[in-house]
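Asks: For reference, the structure I am asking about is given below.
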Amino acid sequence: MPTLLKKALRDVRQRLGAYLACAMLMAIGVLFYGAMTQVAANMPVAMQAFYSEYRFADAFATLHALPASRLKRLTAVEGVEAVSGRLTATAKVLGDTREDTTGLRLISYDPAEQNRLNDVLITEGLPLNAGSYAMLLTEGFYRANGLTPGNTLTLAFRGRKLSFTVAGAVQTPEYIYITPEGSIMPDNKNFGVAYVPLDILEGLLNAGGARNDVSIRFKPGYTFRQLERSLIDALSPGGLTRLYAREDQASHSMLRLELQGIETMVSVLPVLFLLLGAMVMSVVIKRMVEQQHAQIGLMKAFGYSGRAILRHYAVYGILVGLMASIMGGVLGALTAGYIADMYASYFVMPGISGTFSFARVAQLSLLALAFGAGASLYGARGVLRRTAAMAMRPATPEGGNKPILLERLQPLWRRFSATAKLSLRNLFRSRSRSLLTWLGLSICYALTAAVFAFSPMIEYMMQENFTEVQRYDYRIGLVNIADTRQLEQTLLSMRPVALAEAIAELPLQLRAGAISKDTALLALPEDATLYRLFDDARQPVALPRAGVVLTYRMARELGVAVGDTLLLDISYPDTEVPAVVGALCEQYTSSYVLCNRSYLSSLLHGRQFATGAMIKLAPHATGAETERLAQRLNEAENVASVADVAQMQQNMHELIQTSMGTLYAMAVMAIFACFAIVYNAGVVILSERTRELASMRVLGFTLNETSRVVAFEQLALIAAGILLGLPFTGATMEALANSMASDTYAIPADVPFSSHITSVLAMFGAWLAALLVMRRKVAKTKMADVLKGQD
Amino acid sequence: MQELIRGIDIKKIYKTGDVQVEALRGLSITLYEGEFIVILGPSGSGKSTLLNILGGIDAATSGQVLFEGQNLCAAPERVLTHYRRQAVGFVFQFYNLMPNLTARENIQLAADIAAQPFDVDAMLRDVDMSDRAGHFPSQLSGGQQQRVAIARAVAKNPRMLLCDEPTGALDVQTGVQVLRVLRHFNRDYGKTVAIITHNAGIAGMADKVFTIRDGVIAAKHRNAHPIPPEEVAW
């Protein structure tokens, strides 16, 4: 083994703690990459393979009723390769308790159809047979409810009770990610999709050969934009209510957003941790080079070139990179499966695997080695500048003996004790070390605060949504439209309903110049009390008499402001009207365009109707009364869906809790990063000050008094790190919120005060832990040995 | 003269792996208040080890060090810290000043923790460093640094000054200056001063001289007429 390599290995062994801390910081980067990269790599591949094999459609249409003859004609449209017509409807599952509001989306399944679009992969059970009251359920719902083939589900469907046998579980490209109406997260326990034989659903809906849902696949080279017009023409006779591209399909757009998030996480986080590790590494190496000045001088005197010595110090970084690769690789291999399972629970499709890829980890390991070597070269660069004779002498402190800034404030400076002065001068005179440590600590603070902000932020979002915006207890959707007054009166006649407000929800396309956007219009009563709007400062927004209210995000996308005019393309009834943007509002869990009901009726030439209603129960409603009401709503013929807000809130809360494991893991990593930086700063301070600290002990300073010098210096760095971390946290949250915002939901970028407190506590915790280690090191220092020699 | 500190049958064994080195082999010594003592001996004879044990910065393997009736060898770290803080002033060959504190602040550092410290400016005057009070160690010569180190040791108003080769790194002229300062504190402040050195010339200044060889006191004699520092032969 080359002699210098032996020296490097022994040096690393001597300061193993410091080098391990650097390596572990880098290892977090490798771990992230190792655990996530395979998911990131195979999710898009799995998605494409699934889409292709199960013929995921390029466009989707919802209609009133398209006759079978018209459906066939669609295949003649230029650019259309295949068409599948289906029937869809909603039903409620009657559960063990009468107030259960479990919903199912029913989709017809023709066992005889060849090459059907949006086909299903049966993962358990048997295919459906025509004429049987059987259903295939999406896997999430099937598993969450502990179903097995042969179980029976009783459905409330348009006033009838129907029993279906569970045939099995399926996966489909159309519902990789399923969310119930009005929710942003999957709720597999209470919402799913059921495929039932076409002839059965046809009979139940009296469809008579017509279809209300059409999927279209394009020939290669054709796009939605190119075919949109001709598709509208072909589908309009069936009462087209919505035509949209694959990009706007709920499951696909969520999946795309998630893939984008994973991509960002895989490319940003590992590099960030490698960078943090490298920063600390360069500080450690710089200090070691200062300590080994005599050895360097000697090597130069022997004839080693500056470059050769620099190469020698690069080996330290390579060794650290190697340790990081091994540790991160092993941890990555252990966690890859867990990460894959977590994604597989959200995104139901075949092929999500967390197989550990050594090849991919090897790529990042090379990067870790490069970061390590680079950090060492940066830390040791001073070697080149010094001659042998210069190197033999101790280096002059960076700031020389010039007074530091604080010394100019004499009244303040005089108040400091000699030990505090000692710490402060050291801090200001080791500028590059202090700056790097400061920066590292502020990044860690921002990371920790952002991670801790995430959970309260989602909770806040839910709280705002379920208590401030949606103030109702139940929301129902109707099968057929109803008269608003009549609907409200009917609902008010039911005990224990205290308040009922009819609403109209319609598919809508907004157009501003060349930009168009598919969304939904929600018309509320003019004096609505069960649904409130707020601006970005959480101030109430009044529903304008005329015009519509957009979300800030939507207004940004369309490039419009309050007072501008938009074109509203309301599909049902087919109307195209201009409308003024009356106000803007913030919506966290939806992106409705809102208006008042009378304005909508004026747009639709006096036509008044409701597609659903919001219901508030009397404050002292008993459980039995509530249960009876839920049962009546569930069994009502014209009620398509019943959403129980309390249940939704609870489900959401449970879902958030299940995803906390990942957040806690990230928080632990961020706190560890704080500890590693504070610890290494301490190690460096200690190595610089061993002689001074030993002198203090000899003078009669107690162990605590001596340790206080190190503590004060670290504390000053931490305080500065927190101060700089505050704006960093804001920027991190802003970036996170922007990257996660979608048409379905917006995440508030505010960082709760509690997250700052938690982050500050984490920093101080890391400081205390590091301090205990430092104190032990100070106690172990042999005063006589240290003070005997010359530096 | 009143007894200040007594070492009885002190043994010190250093163990490195399987190798054992016996630095002190049952050495006994007594220092008295106000004495100027020189401990002579070749390198490796155990004189630094003795000084460290007497000063409470190293522990004896066996034996006793009695100070005011208390055995320091059996004392906990808290007692040793208090002992070093109130009773001992150390002076080392390589000064060991705080590089980031000025001369004055270095002395202040020691004065801050003592129960009855001397005035810092008086100390600076005593070592003739008043005009360099605001200088950092790197701006001072070796002799000047050592004088500040002595002033720092004395500023605590300790009972004894233990000096490990205080002139070892200095030339003759600055060495004499340092010895003069030590003598001044011994004579004018009544502090016990113990110097270990391999420079036999310094022995002429002492009231009492101990010679250590192979971990034991090989010789001891009293100077009837100690010479002034200026007459020390280097």
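Asks: Restricting to the range A:29-46, give me the number of residues that are open to solvent by less than 10 Å² (accessible area, probe 1.4 Å), modelled with pLDDT of 80 or more and not small (G, A, S).
Replies: Number of matching residues: 2.
Asks: Restricting to the range A:532-548, name every residue that is touching a residue at least 24 places away in the same chain (Cβ under 8 Å) and in contact with a Lys or Arg (Cβ under 7 Å, 6 or more places away or on another chain).
Replies: Result: A:R532, single match.
Asks: Out of the residues in the range B:113-122 that are within 14 Å of chain A (Cβ to nearest Cβ) and of a type in the set (A, V, I, L, M), which is nearest to B:Q177 (Cα to Cα)?
Replies: Among residues in the range B:113-122 that are within 14 Å of chain A (Cβ to nearest Cβ) and of a type in the set (A, V, I, L, M), the one nearest to B:Q177 (Cα to Cα) is B:V120.
Asks: If B:D128 meets every condition in (1) surrounded by fewer than 24 Cβ atoms within 10 Å (Cβ to Cβ); (2) within 8 Å of another protein chain (Cβ to nearest Cβ) apart from one, which number is that one?
Replies: Tallying (1) surrounded by fewer than 24 Cβ atoms within 10 Å (Cβ to Cβ); (2) within 8 Å of another protein chain (Cβ to nearest Cβ), B:D128 fails exactly one: (2).
Asks: Restricting attention to the range A:415-426, does a residue exist that is of a type in the set (F, W, Y) and assigned by TED's automatic domain parsing to the domain that holds A:F753?
Replies: No, that holds for no residue.
Asks: Report, by residue number, each residue of the range A:468-522 that is of a type in the set (A, V, I, L, M, F, W, C) and part of a helix (DSSP H, G or I). Lay out the reasoning, then the answer.
Replies: So the first thing to find is which residues in the range A:468-522 are of a type in the set (A, V, I, L, M, F, W, C), and the list is A:469, A:476, A:478-479, A:481-482, A:487, A:491-492, A:494, A:497-500, A:502-504, A:506, A:508, A:510, A:512, A:514-515, A:520-522.
Matches in the range A:468-522: A:V469, A:L487, A:L491, A:L492.
Asks: Check the range A:418-428 and report whether any residue there is surrounded by 16 or more Cβ atoms within 10 Å (Cβ to Cβ), in a loop (DSSP other than H, G, I, E, B) and within 11 Å of chain B (Cβ to nearest Cβ).
Replies: Scanning the range A:418-428 turns up no residue that is surrounded by 16 or more Cβ atoms within 10 Å (Cβ to Cβ), in a loop (DSSP other than H, G, I, E, B) and within 11 Å of chain B (Cβ to nearest Cβ).
Asks: In the range A:256-265, which residues are in contact (Cβ under 8 Å) with a residue 40 or more places away in the chain and within 22 Å of A:P507 (Cβ to Cβ)?
Replies: Matches in the range A:256-265: A:L257 only.
Asks: Determine which single condition A:G140 fails, assuming it passes every other condition in (1) assigned to a strand (DSSP E or B); (2) surrounded by 21 or more Cβ atoms within 10 Å (Cβ to Cβ); (3) under 30 Å from the mean Cα position of the chain (by Cα).
Replies: Among (1) assigned to a strand (DSSP E or B); (2) surrounded by 21 or more Cβ atoms within 10 Å (Cβ to Cβ); (3) under 30 Å from the mean Cα position of the chain (by Cα), the lone unmet condition for A:G140 is (1).
Asks: Answer yes or no as to whether A:A779 is within 30 Å of B:A169 (Cα to Cα), open to solvent by 30 Å² or more (accessible area, probe 1.4 Å), within 14 Å of chain B (Cβ to nearest Cβ) and assigned to a helix (DSSP H, G or I).
Replies: yes
Asks: Quick one: in the range B:34-53, which of the residues that are within 14 Å of chain A (Cβ to nearest Cβ) and more than 14 Å from B:A200 (Cβ to Cβ) is surrounded by the fewest Cβ atoms within 10 Å (Cβ to Cβ)?
Replies: It comes out as B:G44.
Asks: Does A:F712 satisfy the condition of being outside any helix (DSSP H, G or I) and within 14 Å of chain B (Cβ to nearest Cβ)?
Replies: Criteria not met by A:F712.
Asks: Right, next: Quick check on the range B:136-163: of everything there that is among the small types (G, A, S) and part of a helix (DSSP H, G or I), which residue is nearest to the other protein chains (Cβ to nearest Cβ)?
Replies: The qualifying residue nearest to the other protein chains (Cβ to nearest Cβ) is B:S138.
Asks: So, in the range B:184-216, exactly how many residues are surrounded by 17 or more Cβ atoms within 10 Å (Cβ to Cβ) and in contact (Cβ under 8 Å) with a residue 60 or more places away in the chain?
Replies: So the answer is 19.
Asks: I'm checking my understanding of the structure. Among residues of the range B:57-67 that are at pLDDT below 90 and farther than 29 Å from A:L424 by Cβ, which one is farthest from the other protein chains (Cβ to nearest Cβ)? Lay out the reasoning, then the answer.
Replies: Looking only at the range B:57-67, we keep the residues that are at pLDDT below 90, and these are B:57-59.
Still in the list and also farther than 29 Å from A:L424 by Cβ: B:58-59.
Numbers: B:D58: 5, B:A59: 10 Å.
Filtering first and then ranking leaves B:A59.
Asks: Follow-up question, since we're still on this one. Taking the range B:110-135 only, how many residues are in a helix (DSSP H, G or I) and of a type in the set (V, I, T)?
Replies: Summing the residues that are in a helix (DSSP H, G or I) and of a type in the set (V, I, T) in the range B:110-135 gives 2.
Asks: Just need a number here: residues in the range A:434-455 that are open to solvent by 10 Å² or more (accessible area, probe 1.4 Å) and either within 14 Å of chain B (Cβ to nearest Cβ) or among the hydrophobic types (A, V, I, L, M, F, W, C) (or both).
Replies: Within the range A:434-455, residues that are open to solvent by 10 Å² or more (accessible area, probe 1.4 Å) and either within 14 Å of chain B (Cβ to nearest Cβ) or among the hydrophobic types (A, V, I, L, M, F, W, C) (or both) number 10.
Asks: If you go through the range B:74-88, how many residues are outside any helix (DSSP H, G or I) and more than 8 Å from chain A (Cβ to nearest Cβ)?
Replies: Residues meeting the conditions: 3.
Asks: To continue, here is another question. Being open to solvent by less than 30 Å² (accessible area, probe 1.4 Å) and at the interface with chain A (Cβ under 7 Å from one of its Cβ atoms) is the filter here, so list the residues in the range B:91-112 that pass it.
Replies: B:F92, B:N96, B:M98, B:N100, B:L101, B:E105, B:L109, B:A110, listed by residue number.
Asks: Determine whether A:S430 is of a type in the set (G, A, S) and at pLDDT below 85.
Replies: yes
Asks: Next up: Return only the number of the condition from (1) within 31 Å of the chain's Cα centre (by Cα); (2) farther than 21 Å from A:A746 by Cα that A:R256 does not satisfy.
Replies: (2)
The values are calculated or read from the model by the stated rules, or taken from the named source; none is laboratory data. Please read all numbers here as calculations on a predicted model, not as lab measurements. Heads up, the Cβs are rebuilt from the backbone with ideal geometry, glycines too, and the neighbour counts pull from every protein chain shown. Areas reflect the complete protein model, heavy atoms only, side chains present, ligands, DNA and RNA absent. Shrake-Rupley method; radii C 1.70, N 1.55, O 1.52, S 1.80 Å.
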